[in-house]
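Worksheet for the structure shown next.
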Amino acid sequence: MQGSKGVRNMDDNLIIRGIEFESRLWVGTGKYKDFNETKMAIEASGADVVTVAVRRVNIIDRKSENLLDYIDPGKYKILPNTAGCYTVEDALRYARLAREAGISDLIKLEVIGDEKTLFPDTWGLLQATEILAKEGFIVLPYTNDDPIMAKRLADAGAAAIMPLGAPIGSGLGIRNPYNLKIILETVKLPIVVDAGVGTASDAAIAMELGCDAVLINTAIAGAKDPIAMAEAMKHAVIAGRLAYKAGRIPKKLYATASSPIEGML
């Protein structure tokens with residue numbers, strides 16, 4: 001039933017631009033107390049995608065202590081991101097640095113528009129997506145849960161769309177499931193919920209809606225027991241995906257007997 005990492009059926013693997021992902025739970029690397037805790041949490045999560053902020057975490061200079069000393073690029077897909085970039089120029093620079101360092105053609109693209117809320121600058125994000133897509137990057141833009149912008153990003157060459165569930169690090173969960181449902185219906189690309197997940201039930205909800213994956217950092221790294229929470233998120237994503245594929249029963253206002261009485265004497 002489940003793959004080697006206990007994530008799900010191998011024939012249900014997520015594929016983005018020809019790249020096959022063994023896990024629908026992706027994890028971040030920020031906010032842990034040290035690299036060793038980061039490594040343990042990633043292992044407990046069962047994720048095979050690990051995102052790293054090029055601007056904030058040393059993955060380029062191999063002469064000093066490096067996150068990649070703890071995370072084997074042969075085992076995990078390293079997804080560089082442009083967290084902390086407030087301009088198109090900065091986002092482009094760090095995306096190109098990651099590729100030049102041989103990390104990946106994948107890029108989780110962030111162009112932040114506001115320091116307090118960390119909401120995306122969607123206009124700048126759209127520009128950067130178009131430029132990087134033309135340069136051959138596999139662009140995964142982090143954006144608002146706005147169906148119109150999601151469609152524009154898809155048209156600009158994005159390989160997947162990463163709408164927020166709630167503001168980054170807020171732990172508020174999926175605040176607008178209806179917008180996510182519209183995005184899922186109108187954008188024919190993988191949808192990866194990024195930001196806002198607070199606990200396992202939030203991750204399960206995202207997957208039950210039909211989202212293709214969930215990226216989680218703060219909810220794991222900031223938990224009282226990050227290793228246990230990482231494992232909880234793994235199981236939540238498995239359960240949510242299985243429930244989505246199984247198909248839930250319709251919601252009804254009134255009760256329906258579990259044991260039908262038709263045909264009984």
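Structural remarks
- Local electrostatic count, residue 86, Cβ distance below 13 Å [Lys/Arg +1, Asp/Glu -1]: -3
- Its Cα centre serving as origin, the chain has a Cβ charge dipole (Lys and Arg +1, Asp and Glu -1) of approximately 320 debye.
- 0 to 90° range, to nearest 10: angle between helix 177-186 axis and the chain longest Cα axis: 80
- Within the chain, antiparallel bridges make up roughly 15 percent of the DSSP beta bridges whose residues both belong there.
- Structure-derived Cα extents along the principal axes in Å - corresponding label in [x] 80, 39, 36; [y] 56, 40, 35; [z] 82, 71, 35: [x]
- Euclidean distance between Cα centres, the stretch 102-178 to the stretch 209-233, Å: 20
- Given charges at beta-carbon only (K, R positive; D, E negative), |dipole| of the stretch 15-114 in Debye: 100
- Links that overshoot a 22 Å alpha carbon limit, given the list 181/245; 39/108; 39/75; 33/224; 39/181: 39/181
- Sequence-ordered 3J(HN,Hα) estimates for the stretch 214-226 from the Karplus curve with 6.51, -1.76 and 1.60 and θ = phi - 60° stand at 9, 9, 10, 10, 4, 4, 8, 5, x, 5, 4, 10, x Hz, glycine and proline given as x.
- Using a Förster distance of 22 Å, the FRET efficiency for residue 101-residue 72 (Cβ separation, nearest 0.05): 0.85
- Histogram of C-alpha separations across the stretch 194-265, 10 Å bin width, %: 19, 36, 21, 14, 7, 3
- Karplus-derived 3J(HN,Hα) values for the stretch 131-139, using 6.51 cos²θ - 1.76 cosθ + 1.60 with θ = phi - 60°, are 5, 5, 4, 5, 8, x, 6, 9, 8 Hz; glycine and proline are entered as x.
- Crossing angle, helix 200-209 versus the chain [Cα axis fit, 0-90 degrees, rounded to tens]: 80
- Where labels lie 7 Å past Cα in the beta-carbon direction, separation of residue 114 and residue 37 in nm: 3.0
- Using the Cβ of residue 40 as centre and a radius below 12 Å, the other residues enclosed give a net charge of -3, where K and R count +1 and D and E count -1.
- Between the helical axis of 88-100 and the longest alpha-carbon principal axis of the chain there is an angle of about 90 degrees.
- Helix-only CD estimate at 222 nm, as mean residue ellipticity for the chain, using -39500 (n - 2.57) per DSSP H run (n ≥ 4): -10500 deg cm²/dmol
- Solvent exposure, largest accessible area first (probe 1.4 Å, DNA, RNA and ligands not counted), of 110, 100: 100, 110
- Positive minus negative residues near residue 181 (Lys, Arg vs Asp, Glu; Cβ under 14 Å): -3
- Amide H contacts of residue 51 (H built 1.01 Å from N, in plane; Pro and chain starts excluded): 27, 28, 29, 79 sit under 5 Å, all sequence-distant by 5 or more or on other chains.
- When the trypsin sites (Lys or Arg not before Pro) in the stretch 87-116 are filtered for DSSP coil states and for at most 13 other beta-carbon atoms within 10 Å of their beta-carbon, the remaining sites are 116.
The values are calculated or read from the model by the stated rules, or taken from the named source; none is laboratory data. Everything quoted here is computed from the prediction, not taken from an experiment. A quick note on method: Cβ atoms are made from the backbone with ideal geometry, for glycine too, and the neighbour counts reach across all protein chains shown. Side chains included, ligands, DNA and RNA excluded: accessible areas come from the protein's heavy atoms. Shrake-Rupley method; radii C 1.70, N 1.55, O 1.52, S 1.80 Å.
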